[in-house]
Amino acid sequence: MSSHDHDEQSAATVTADVTATVTVLGLGPMGRALARAFLEAGLRTTVWNRTPGRDRELVARGAVSAPSAEEAVAASALTVVCVVNYDAVDAVLRSAAVTDALKGRTVVNLTADTPDRARSTAAWAAEHGVRYLDGAIMTPAPTIGTPDAVFLHSGPRELLEEHRSVLEELGGSHTHLGEDIGRAAAYDIALLDIFWTAMAGYAHALAVAKAEGITARELAPFAQGIAAILPPLFEQFAGDVDAGDFSGDINPVTSAASSMAHIVHASEAHGIDAGVMRAAEGWARRVIGRGHGADGFIRVAELLGR
């Protein structure tokens with residue numbers, strides 16, 4: 001074998017070795033869950049965290065602890081990033097040494113932030129020869145590695161397909177939402193809007209119930225009944241909004257506003273802040289004021305969209 005052939009074979013071996021590995025940057029609860037899933041799948045997993053010490057359990061499971069972020073990203077063709085926000089992403093990836101080590105490699109950023117930050121990060125990546133996919137994790141850390149995990153991805157589809165076999169070791173579903181790099185973050189923002197608004201409503205309901213002598217456990221089964229009503233309404237109202245049809249046959253916005261006023265009154269009678277419900281009632285009153293009192297509450301989506 002010639003030295004040239006030997007060099008080509010060595011290069012191919014190195015490429016194969018690097019492709020069979022993955023790096024995880026960020027070892028909070030979600031980052032550790034991602035790394036554990038890769039390790040359990042038998043992938044050579046390199047880990048790094050800005051605060052030392054969080055990798056002990058992972059190293060015990062077989063992970064390679066990188067002494068620096070640049071050495072971590074150099075260890076793999078694919079780097080998965082999951083940190084607190086894009087400011088933290090920038091602090092890690094945009095140092096000269098890390099940027100240089102990432103050239104020609106792929107970053108899948110599963111950090112939560114806003115669509116505009118995703119687009120600006122993608123522009124930076126393109127400028128520096130870094131292959132970039134944005135993404136979002138829509139389920140809690142304990143679901144990672146199980147069929148219940150939900151991952152959203154946006155950006156170049158071919159990049160997702162190239163790394164799909166590795167990413168699917170994280171379990172669950174992996175949905176490509178489109179080439180617009182900001183789409184995963186947009187879905188994430190919209191879906192978390194539903195979640196946190198609902199959680200705020202539940203917290204408020206528990207406070208009102210307690211003030212009336214009802215325990216949280218007493219209320220919980222009935223609260224679950226309310227939650228069960230929502231999925232078919234979500235589906236129906238999605239069709240209504242897309243079609244521009246805001247029929248209030250089931251429950252006109254005038255009825256909704258009246259119900260909300262009762263909640264505000266009962267809350268404030270106990271000294272409980274009703275600011276969130278006052279805001280929602282205000283939206284309903286504005287819809288009525290525009291002459292749409294016979295429409296359903298979902299007409300508010302059009303009002304806010306303006």
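Numbers for the structure displayed
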quantity: Fluctuation leader among D90, D295, D113 - the chain, Gaussian network, Cα springs under 10 angstrom; calculated: D295
quantity: Dipole axis of segment 215-305 (+1 Lys, Arg; -1 Asp, Glu on Cβ), positive-most option in S247, H262, L304; calculated: H262
quantity: Sites matching chymotrypsin sites (Phe, Trp or Tyr not before Pro) across segment 42-128 that sit in DSSP coil, with at most 16 neighbouring C-beta atoms within 10 Å; calculated: none
quantity: Vicinal HN-Hα couplings computed from phi for segment 98-113 (Karplus, 6.51 cos²θ - 1.76 cosθ + 1.60; Hz; Gly/Pro x); calculated: 5, 4, 5, 5, 7, 3, x, 9, 10, 10, 10, 9, 9, 6, 8, 6
quantity: Dipole magnitude of segment 183-306, debye to nearest 20 (Cβ charges: Lys/Arg +1, Asp/Glu -1, about Cα centre); calculated: 300
quantity: Calculated from backbone phi, Karplus (6.51, -1.76, 1.60) coupling profile of segment 159-167 in Hz, x at Gly/Pro; calculated: 5, 5, 5, 4, 10, 4, 4, 6, 5
quantity: Where labels lie 7 Å past Cα in the beta-carbon direction, separation of A261 and E168 in nm; calculated: 5.7
quantity: Check: the chain dipole with +1 on Lys, Arg Cβ and -1 on Asp, Glu Cβ, in debye; calculated: 800
quantity: For the chain, the longest site-free run once GluC sites (Glu not before Pro) in DSSP loop states with at most 16 other Cβ atoms within 10 Å are removed; calculated: 1-178
quantity: Sequence-separation-based contact order of the chain, relative, with Cα cut under 8 Å and 6+ spacing, percent; calculated: 11
quantity: The chain: most fluctuating residue of A35, A207, A228 per GNM, C-alpha cutoff 10 Å; calculated: A228
quantity: Counting all C-alpha pairs of the chain, share separated by more than 31 Å (%); calculated: 46
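Read-outs: derived from the displayed coordinates by stated rules, not from any lab. Computed from a predicted model, the values in this text were never measured in an experiment. Methodologically, a virtual Cβ is constructed for each residue, glycine included, from the backbone with ideal geometry; neighbour enumeration extends over all protein chains shown.
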